[in-house]
Amino acid sequence: MNDTPSSRMNYADAGVDIDEGNALVERIKPMVRATARPGADSEIGGFGGLFDLKAAGFTDPILVAANDGVGTKLRIAIETGQHDTVGVDLVAMCVNDLIVQGAEPLLFLDYFATGKLSAEQGAAIVSGIAEGCRQAGCALIGGETAEMPGMYSGGDYDLAGFAVGAAERGALLPTADVAPGDVLLGLPSSGVHSNGFSLVRRIVEREGLKWESPAPFAPSASLGEALLEPTKIYVKPLLAAIKATRAIKAMAHITGGGFTENIPRVLPDDLAVKIDLPAITPPPVFSWLAKAGNIDEAEMLRTFNCGIGMVVVTAADAAETVCASLADAGQEALTIGSIVRRESAGVLYDGELFA
């Protein structure tokens with residue numbers, strides 16, 4: 001065996017730069033510390049992250065966990081070089097699922113895998129994750145960065161997130177008293193959020209548009225910037241409304257599957273919802289997608305959020321109180337439908353979305 005200095009190999013020769021990984025850790029430490037909250041000091045560098053439920057104020061908690069990713073929206077971030085918002089998407093997709101069950105998000109961990117690690121790119125991504133954690137009120141207590149040449153090309157990367165929340169025993173949602181006549185409140189989305197981007201990207205390609213082109217639905221921004229608008233995080237206003245009103249019965253996070261697939265997940269089998277489509281004003285991006293992609297309304301409603309990122313169920317006589325509580329926390333809410341007895345489909349649509 002040839003054992004000359006020129007024949008010796010190291011990890012860097014295989015494409016993995018440990019020093020760049022260490023540089024990334026040092027750059028993100030201040031971002032992570034900024035997410036500290038009662039129960040977690042948010043100091044990274046150990047083999048595991050700690051969280052003290054008692055210090056967070058819980059007496060008899062039930063833990064709720066969720067994990068998710070950002071999907072092919074990442075391709076837009078990679079191709080435009082704009083990496084500082086997809087981290088917000090990552091957190092949002094997880095914590096919005098926790099609040100649906102009445103749980104307060106407590107901690108978050110991320111997984112960042114790439115073909116060639118860049119401390120600058122990684123720090124931009126983590127800055128978004130930290131911002132999402134601050135918006136949700138949860139601590140970023142750890143994560144994993146994996147440099148995997150041969151699995152990912154060059155600067156390509158993928159993200160996954162893991163969130164844990166808690167609710168006091170007996171306070172989980174949905175409640176058992178969802179009933180016909182209850183009201184559906186819709187919380188407006190910030191845009192496409194993080195679902196349906198395989199279709200979005202195909203439409204952009206067919207239209208012959210570039211990411212730097214003016215967005216057809218928002219000419220003051222580039223197409224890439226407009227589509228990278230991060231997913232709205234609904235946690236803090238919903239937590240405030242849950243605690244202030246005790247009147248929220250159920251919630252549905254409108255992600256992949258749209259209204260059609262997501263709302264029935266939180267309803268008893270004998271109940272359905274009737275949605276008043278004219279009550280919803282979709283942001284311009286959705287009418288552009290429908291027209292440019294020649295997508296029929298039913299497909300739009302089961303693929304995209306169409307302007308409503310979260311649905312809240314409450315009794316009719318409590319709807320005004322819940323709306324007022326959300327407004328106090330800076331969150332608009334629209335009455336978009338009601339609960340009815342189920343006879344066939346779990347979601348019924350009245351009127352047209354794009355009238």
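State the label only: which of [x] 18.3; [y] 22.5; [z] 21.5 corresponds to mean projected area of the Cα convex hull in nm² computed from the shown model? Looking at mean projected area of the Cα convex hull in nm² for this model, the match is [z]. In a GNM of the chain with a 10 Å cut-off on Cα contacts, which of LEU74, LEU228, LEU24 has the highest mean-square fluctuation? Comparing LEU74, LEU228, LEU24 in a Gaussian network model of the chain, the most mobile one is LEU24. Charge tally for ALA56 (other residues, Cβ to Cβ under 14 Å; Lys, Arg +1; Asp, Glu -1): -3.
Calculated mean residue ellipticity, 222 nm, the chain: -9500 deg cm²/dmol, from DSSP H runs (n ≥ 4) at -39500 (n - 2.57) each, averaged per residue and rounded to 500. Taking LYS54, LYS73, LYS249 as the candidate residues, the one with maximal mean-square fluctuation in a Gaussian network model of the chain, Cα springs under 10 Å, is LYS54.
Taking θ as phi - 60° and the Karplus parameters 6.51, -1.76 and 1.60, the scalar couplings of the stretch 226-233 work out to 5, 6, 8, 3, x, 4, 6, 9 Hz in sequence order, x denoting glycine and proline. The H on the amide N of ILE254, modeled in the peptide plane, is under 5 Å from the matching H of MET310, VAL311, each at least 5 residues off or on a different chain.
Quick one: which of 26-38, 153-165, 123-135 comes out on top by average Cβ neighbours within 10 Å, and what's the full order, highest first?
Details: 26-38: 17.0, 153-165: 19.8, 123-135: 23.4.
Ranked by mean Cβ neighbours within 10 Å, highest first: 123-135, 153-165, 26-38.
Packing here is the average count of other Cβ atoms within 10 Å per residue, and on that basis the peptides 210-222, 331-343, highest first, run 331-343, 210-222. Each principal axis of the Cα atoms in the stretch 262-310 has its own extent, and those three values, largest first, are 38, 18, 16 angstrom.
Sequentially through the stretch 28-40, phi angles give Karplus couplings (6.51, -1.76, 1.60; θ = phi - 60°) of 8, 3, x, 5, 5, 4, 5, 9, 4, 8, x, x, 8 Hz, Gly and Pro residues having no value and appearing as x. Residue-wise HN-Hα couplings along the stretch 78-85, as the Karplus relation 6.51 cos²θ - 1.76 cosθ + 1.60 with θ = phi - 60° gives them from phi, are 5, 6, 9, x, 9, 10, 8, 10 Hz; Gly and Pro carry x.
Computed extension gain for LEU63 through ASP350, at 0.36 nm per residue and net of the alpha carbon distance, reaches 99.5 nm.
Computed over neighbours whose Cβ is under 14 Å from that of GLY256, the net charge equals -2, Lys and Arg +1, Asp and Glu -1. Within a Cβ distance under 13 Å of VAL322, other residues only, what is the Lys/Arg minus Asp/Glu net charge? Summing Lys and Arg as +1 and Asp and Glu as -1 gives -2. Using a 1.4 angstrom probe on heavy atoms only, work out the carbon and sulfur share of the accessible area of the chain in %. Within the chain, the accessible surface is 50 percent carbon and sulfur.
The values are calculated or read from the model by the stated rules, or taken from the named source; none is laboratory data. If you're wondering where the values come from, they're calculated on a predicted model, not measured in any experiment. Here Cβ is always computed from backbone atoms with ideal geometry, including for glycine, and neighbour counts include all displayed protein chains. The protein model used for the area step is the full one, side chains on, heavy atoms only, and it has no ligands, DNA or RNA in it. Shrake-Rupley method; radii C 1.70, N 1.55, O 1.52, S 1.80 Å.
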